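Here the structure is laid out as structure tokens; the discussion comes afterwards.
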Amino acid sequence: MRQFYFHQRNGIYYAELVTPEGYKLPAKSTGTTNRDEALLKIAEWLKSGIPSGRAREPRPIEEIAGIETVMKAMRRAGLNADDALRIVSTLKGMGLIDIAAVKNTGREAVSFVWFLESFWDYDKSEYIQDRLAALSMGTVSQKGMPVKIKNGLEHI
């Protein structure tokens, strides 16, 4: 059985390594245009594992194949927001990620750039308007207001 498939894309050699079960992994660049150098790099991957992650630590082909199987299963599954939160929770529990995840509320998504631009605009910021409303209702003290908002209040 073949251990890899070999091809060029834009002059760079790529390898599609084959798992012991016969499944092809996604093409991985050898980073070289020289055929012999590419074959030597592929031989090293087959012997020591495929470099992955930021540290570029070699991982066995079987391990990479397992990860690819999980990724394919997630793409094919009809995941909903609760499923996604369970996945994130599991990854957090394993100490692999440290992020906050919230369920999609169904509100219209906005681009990050628009969010930042509106956040710092006193008249458009939902955050500032929310804080001002809380201040006027007496549910938050002016002491808890950010300096920029307090400065803006002086001009009202």
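The values are calculated or read from the model by the stated rules, or taken from the named source; none is laboratory data. All values reported here derive from a predicted model rather than from experimental measurement. Cβ atoms come from the backbone with ideal geometry, glycine included; neighbour counts cover every protein chain shown.
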Given the structure, is L85 within 30 Å of I128 (Cα to Cα), assigned by TED's automatic domain parsing to the domain that holds Y127 and not aromatic (F, W, Y)? no
Assuming I64 fulfils every condition listed in (1) surrounded by 11 or more Cβ atoms within 10 Å (Cβ to Cβ); (2) more than 19 Å from the chain's Cα centre (by Cα); (3) not aromatic (F, W, Y) apart from one, which condition is it? (2)
Considering only the stretch 15-33, state which residues are of a type outside the set (D, E, K, R), closer than 14 Å to I61 by Cβ and more than 21 Å from the chain's Cα centre (by Cα). A15, L17, V18, T19, P20, G22, Y23
Give the residue, chosen from L79, L85, L91, that is modelled with pLDDT of 80 or more, assigned to a loop (DSSP other than H, G, I, E, B) and out of contact with any Ser or Thr (no Cβ under 9 Å at 6 or more places or on another chain). L79
Scan the stretch 24-33 residue by residue and report those that are hydroxyl-bearing (S, T, Y) and touching an Asp or Glu at 6+ places or on another chain (Cβ under 8 Å). T30
Restricting the stretch 1-38 to residues that are out of contact with any strand residue (DSSP E or B) (no Cβ under 7 Å at 6 or more places or on another chain) and in a helix (DSSP H, G or I), the residue that is nearest to M71 (Cα to Cα): E37
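Taking the residues in the stretch 48-73 that are acidic (D, E) and touching a residue at least 40 places away in the same chain (Cβ under 8 Å) as candidates, determine which candidate is farthest from L25 (Cα to Cα). Can you show your working first?
Taking the stretch 48-73 first, the residues acidic (D, E) are 57, 62-63, 68.
With touching a residue at least 40 places away in the same chain (Cβ under 8 Å) added as a condition, the list becomes 62, 68.
Details: E62: 10, E68: 8 Å.
So the residue we want is E62.
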